[in-house]
Ligand code: BGP
């Protein structure tokens, strides 16, 4: 088998998000965030994709994110396992609501700040660098209710206060930052990314793009503050990237795929990396009657504060044609598109396409010429614990091996790749289903969809394999 040469100092690790793992949803004065008020199961996907959802907690309902996997209390045990895997970095997010429970306070919550101090110190004890997402689907519910989420320009100021507080506090502890998780996903899941209390069909245009303008300002502000406070740090954007293939060589379909890619894959990173609104979006704005409210100085702020690197998630590719027949659509494929006859799919209908990762790396690097960081990738699967207690997740090893091979090839293509943090390195609550049974981890957590389980951690077969991958810097796959 061919072996690959990964750069010296390559950032191998794993990725998580506060709302999907911490639990302790009311501990340490934490306020409620969006994920805290979402149920699990089929209901969740409906909510994410349907207009009109109101954020309230219903008594007696089970909310999986409330307890997560209890990282809030078990972080020492988990970090020891990450250290055993040999992680160089650990991607996590800070829950905004631990620092500013309602989002609007003038002073940060000391208990929240102290929790992340403990986590960062524990990581450093093992020489693991944290990679911190500032906002990962964790907007305070209060800002959603009172301000309509990112529709309101006022939220930029609350966010700035939050960013000030964490950059200041952790300036000696965190070298790698990212602003908004999968910023472009708001085009698919406005509730998670943009914090819309109500999302009517008409909101797809004017309010959505106005909210994006506010997020771009907030992101640029974070970059600016980061450069001032921690000049040696690197701060990136984070996008959900899925290369868009045309279903066939019909030029109309090819053009359609290109337009979909411009809007979904590139619009946000064009602004955050190139520092200006792209030319193609002007026509889109005109056709959908979108007129952004842009204040003096906004465009300059965006221009002067572009990101250092692109963090992105890669799970699947997408195949598009203009006229889609219902029988051509994939089951549960959250990004839409039609089934690609050349690809297999996961149990959740996400196409499995390692070559697509090499394509993505080439496309992104050609376009932007800034370092890339794969901060999410992996296979969601139902794992079985055997009678002898082992978990033989060969399918996950195959998936990851093929994707790491694609990374090796892309590096030979000339792509500058900083690191790789597979998603859900420890099993956690799924974002789209709100369930535990869609697992990604090297570490199994005994926790089930109905909330039962001991929360005990167990190493899967992939644990041993990934440890060896890191130890050999990607040579032994
Ligand atoms: C990304 C999100 C993560 C994560 C992952 C897997 O979109 O950034 O939060 O959950 O997808 O998705 P899921 O949990 O739905 O399988």
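Coordinate-derived values only; no laboratory data. Keep in mind the model is a prediction, meaning the values are calculated, not measured. Using ideal geometry, Cβ is built from the backbone for each residue, glycine included, and neighbour counts are taken over all protein chains shown.
List of remarks:
- Value of relative contact order over the chain, rounded to a whole percent, pairs C-alpha under 8 Å and six or more apart: 18 percent
- Full-extension gain in nm, residue 172 to residue 145, via 0.36 nm per residue minus C-alpha separation: 6.2 nm
- Euclidean distance between Cα centres, region 269-292 to region 130-192, Å: 22 Å
- Along its principal axes, region 188-282 has C-alpha extents of 51, 33, 23 angstrom, given from the largest down.
- Taking each residue as 0.36 nm, the span from residue 54 to residue 8 lengthens on full extension beyond its C-alpha to C-alpha distance by 11.7 nm.
- Working ranking of peptides 435-447, 290-302 by packing, defined as the average number of other Cβ atoms within 10 Å per residue, highest first, is 435-447, 290-302.
- Inter-site label distance for residue 387 and residue 84 at 7 Å from Cα along Cβ, in nm: 2.5 nm
- CD proxy at 222 nm, helix term only [per DSSP H run n ≥ 4: -39500 (n - 2.57); per residue of the chain; nearest 500]: -11000 deg cm²/dmol
- Rounded, prolate or oblate (a/c below 1.5 giving rounded, otherwise prolate when a/b exceeds b/c) for the chain by Cα gyration tensor: rounded
- FRET efficiency estimate (nearest 0.05) - Cβ-Cβ, residue 106 to residue 355, R0 35 angstrom: 0.10
- When both region 377-420 and region 299-321 are represented by their alpha-carbon centers, they are found 23 Å apart.
- Here the simple spin-label model places points 7 Å from the Cα toward Cβ, and for residue 342 and residue 323 these points are separated by 2.4 nm.
- Extension reserve of the residue 402-residue 303 stretch, reckoned as 0.36 nm per residue once the Cα distance is removed: 31.9 nm
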